[in-house]
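Peer 1: Shown below is the structure under consideration.
The values are calculated or read from the model by the stated rules, or taken from the named source; none is laboratory data. Keep in mind that this is a model prediction, so the values were computed, not measured. All Cβ positions, glycine included, derive from the backbone under ideal geometry; neighbour counts span all protein chains shown. Accessible surface is based on the protein model in full, side chains and every heavy atom, while ligands, DNA and RNA are left aside. Shrake-Rupley method; radii C 1.70, N 1.55, O 1.52, S 1.80 Å.
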Amino acid sequence: MQDLAKPQNPNFSSGPCSKRPGYELSALRTDILGRSHRSALGKTVLEEACTKTAEILGLPEGYRVGIVPASDTGAVEMALWSMLGQRGVDVMAWESFGSGWVTDIVKQLKLDDVRVMEADYGELPDLNAVDFNKDVVFTWNGTTSGAKVPNGDWIADDRQGLTICDATSAVFAMDLPWEKLDVVTYSWQKVLGGEGAHGMLILSPRAVERLESYTPPWPLPKIFRLTKGGKLIEGVFKGATINTPSMLCVVDYLDALSWVESLGGVSATIARSNESLALIEKFVAENDWIDFLAKNPAERSNSSVCLTLDTTPENVKAMVKLLDQEGVAYDIGAYRDAPPGIRIWCGATVEPSDVAKLLPWMAWAYEQVTAA
Ligand SMILES: Cc1ncc(COP(=O)(O)O)c(C=O)c1O
């Protein structure tokens, strides 16, 4: 079996994720390196990252895009700390990252009127039970369970509260109903294979209205502050970042955006992820020892594909190690808080042809560890 073709690129980790096909450091622009992010050039480059994002994602008129510190976590925390507390909150969690936001809201912010709606790994809470008079906090795609919300049909158009959505492994991989989302966050190192460091914060006009009409009773560190004198700090959404960003990460992100454009836009990146998922679905259908953690096909992630295996956790670990040693797949063990299993990252930068090559190797590795 050792003569099986190996994936050309064995990087299947879920963040930092594989660089785009054809990535070369030397292709990045360097004129901004070593220059101030507050120089005219620096601001132009940062603003370009925001405007290009809005254009490629097709954001509705009036939506703002800002680059903020501390990756996706930073962007989510900023939103939670700046906007919550004006009304009740429904917060949903079905895996590790969503549970982290529950902890923030319940144990750190200690809000009174909070309903926690939880589900086990692989499942979703009852989306139809959400109260849109309240603010609603949720992840679009549960990266550690591979369960995503199927669409935005359950989100009320006439909602009174805000929808605050951590979409870090969904943006550029899934079709997002922007009009239904008031706050969306993501990071560069997921579907686009960018660098970890900065978070993207997308705000609807309703989110801006909340920021300008409500001041939370708790103190906010400078790093979280989005308003001054009751007005949105518009500069944050025009390239005047709160503090110093890595311009190397920014030009790397611009390279990723140009790659998306060269493919034909976000529909093409979504199609790449769908193609990889379809290959895995076929493999799972043909092999009874492997299954999706998310049982409902409509809720199956096409970016973080999480699988359970019919064997012991020790054998799963041994498989992961074997595939690593063979140089076939790196970092495909399930997240530390998730049930034992395998997670194959299928974001847009992963070649579906490499996923196709990985699958027979998984069968080989399973045979090796279970026969032992
Ligand atoms: C759904 C979700 N939320 C938050 C995070 C944390 O992201 P970051 O490390 O960019 O802060 C991750 C990372 O995998 C994630 O998948």
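Peer 1: Whole Å is fine, so just give me how far the alpha carbon centre of region 178-232 lies from that of region 28-86.
Peer 2: 10
Peer 1: Any idea what the dipole of region 132-289 comes to, in debye rounded to 20, about its Cα centre with Lys/Arg Cβ at +1 and Asp/Glu Cβ at -1?
Peer 2: Roughly 720 debye for region 132-289.
Peer 1: Lys/Arg Cβ at +1, Asp/Glu Cβ at -1, dipole of the chain taken about the Cα centre: which of LEU192, LEU254, GLY88 is farthest positive-ward?
Peer 2: So the residue we want is LEU254.
Peer 1: Moving to a separate point now. If you filter region 252-314 for chymotrypsin sites (Phe, Trp or Tyr not before Pro), then keep DSSP loop positions with at most 15 other Cβ within 10 Å, what is left? Don't skip to the answer; put the middle values down first.
Peer 2: On the way: sites: TYR253, TRP259, PHE283, TRP289, PHE292; in loops: TRP289.
Here the sparse-neighbourhood loop sites are TRP289.
Peer 1: Which trypsin sites (Lys or Arg not before Pro) from region 248-312 combine a DSSP loop assignment with at most 16 other Cβ atoms within 10 Å?
Peer 2: In loop regions of region 248-312 (DSSP not H, G, I, E or B), the sparsely surrounded trypsin sites (Lys or Arg not before Pro) are LYS295.
Peer 1: Once you charge only the Cβ atoms, +1 for Lys and Arg and -1 for Asp and Glu, what is the size of the charge dipole of region 217-331 about its Cα centre, to the nearest 20 debye?
Peer 2: Dipole of region 217-331, to the nearest 20 debye: 980 debye.
Peer 1: In addition: Might you tell me the accessible area per residue for region 226-336, computed with a 1.4 Å probe and given in Å²?
Peer 2: Solvent-accessible surface per residue comes out at 45 Å².
Peer 1: Hey, got the dipole for the chain? About the Cα centre, +1 on K and R Cβ, -1 on D and E Cβ, debye to the nearest 20?
Peer 2: 1320
Peer 1: What's the local net charge at VAL106, with K and R +1, D and E -1, over the other residues with C-beta under 15 Å away?
Peer 2: Combined, the nearby Lys, Arg, Asp and Glu give -3.
Peer 1: Ok, one more. With θ set to phi - 60° and the Karplus curve 6.51 cos²θ - 1.76 cosθ + 1.60, what are the ³J(HN,Hα) couplings of region 261-278 in order, to the nearest whole Hz, using x for Gly and Pro?
Peer 2: Couplings: 4, 5, 7, x, x, 5, 5, 6, 5, 4, 4, 4, 5, 4, 5, 5, 4, 4 Hz.
Peer 1: Oh, and also: Out of region 177-242, which trypsin sites (Lys or Arg not before Pro) are coil in DSSP terms and have no more than 16 other C-beta atoms within 10 Å?
Peer 2: ARG225, LYS238
Peer 1: Follow-up question, since we're still on this one. Where a Cα-Cα gap under 15 Å defines reach, which aspartates and glutamates qualify for LYS134, not counting those fewer than 8 residues away within the same chain?
Peer 2: ASP90, ASP112, ASP113, ASP157, ASP158, ASP182
Peer 1: To the nearest 0.05, how large is the calculated FRET efficiency for GLU179 and ALA5 if R₀ is 51 Å and r is the Cβ-Cβ distance?
Peer 2: E(calc), rounded to 0.05, equals 0.70.
Peer 1: Considering the zone a paramagnetic label at ARG336 would reach in this model (a point 7 Å from Cα along the Cα-to-Cβ line), which residues of region 73-96 have amide N under 20 Å from it?
Peer 2: Correct set: 73-74, 94-96.
Peer 1: Something else: Non-local amide H neighbours of GLU118 (under 5 Å, H modeled in plane, Pro and chain starts lacking H): which ones?
Peer 2: Under 5 Å from the amide H of GLU118 lie the amide H atoms of ALA93, each far enough along the sequence or on another chain.
Peer 1: Let's test the formula: R0 of 25 Å, r as the Cβ-Cβ distance of ASP131 and LEU109. What FRET efficiency results, to the nearest 0.05?
Peer 2: 0.85
Peer 1: So if we plug the beta-carbon distance of GLU367 and LYS282 into 1/(1 + (r/R0)^6) with R0 = 22 Å, what FRET efficiency do we get, rounded to 0.05?
Peer 2: With a Förster radius of 22 Å, E is 0.70.
Peer 1: Can you list the HN-Hα couplings for region 42-50, worked out from phi with the Karplus curve (6.51, -1.76, 1.60; θ = phi - 60°), rounded to whole Hz and with x for Gly and Pro?
Peer 2: x, 5, 5, 5, 5, 5, 4, 4, 6
Peer 1: Here's another thing I want to ask about it. Place a point 7 Å from the Cα of ARG206 along the Cα-to-Cβ direction; which residues of region 144-163 have their backbone N under 19 Å from it?
Peer 2: 149-163
Peer 1: Determine ³J(HN,Hα), in whole Hz, for all residues of region 319-334 in sequence, where each value follows from phi through the Karplus function 6.51 cos²θ - 1.76 cosθ + 1.60 and θ = phi - 60°; x replaces Gly and Pro.
Peer 2: Here the 3J(HN,Hα) series is 4, 4, 5, 4, 5, 5, 4, 6, x, 8, 8, 9, 6, 9, x, 4 Hz.
Peer 1: Return one whole number: the accessible area per residue of region 126-185 in Å², for a 1.4 Å probe.
Peer 2: Per residue, region 126-185 has 28 Å² of solvent-accessible surface.
Peer 1: Using 0.36 nm per residue of separation minus the Cα-Cα distance, give me the extension gain between LYS317 and SER213 in nm, one decimal.
Peer 2: Gain on extension, LYS317 to SER213, equals 32.3 nm.
Peer 1: Skip the ligands, DNA and RNA, and give the accessible area per residue of region 1-54 with a 1.4 Å probe, whole Å².
Peer 2: In whole numbers, region 1-54 has 56 Å² accessible per residue.
Peer 1: Keeping the other protein chains in place, figure out the carbon and sulfur percent of the accessible area of the chain, with a 1.4 Å probe.
Peer 2: On the way: 7410 of 15100 Å².
Carbon and sulfur atoms account for 49 percent of the accessible area of the chain.
Peer 1: Expressed as a rounded percentage, what relative contact order does region 1-142 have, with Cα pairs under 8 Å and six or more residues apart?
Peer 2: 18 percent.
Peer 1: Something else now. For region 133-172, list residues with backbone N below 19 Å from a point placed 7 Å from the Cα of ALA271 toward its Cβ?
Peer 2: Zone members listed by number: 171-172.
Peer 1: Continuing with the same structure: Over 10 Å intervals from 0, what percent of Cα-Cα pairs in the chain sits in each interval?
Peer 2: Reading upward from the zero bin: 5, 24, 32, 24, 12, 3, 0.
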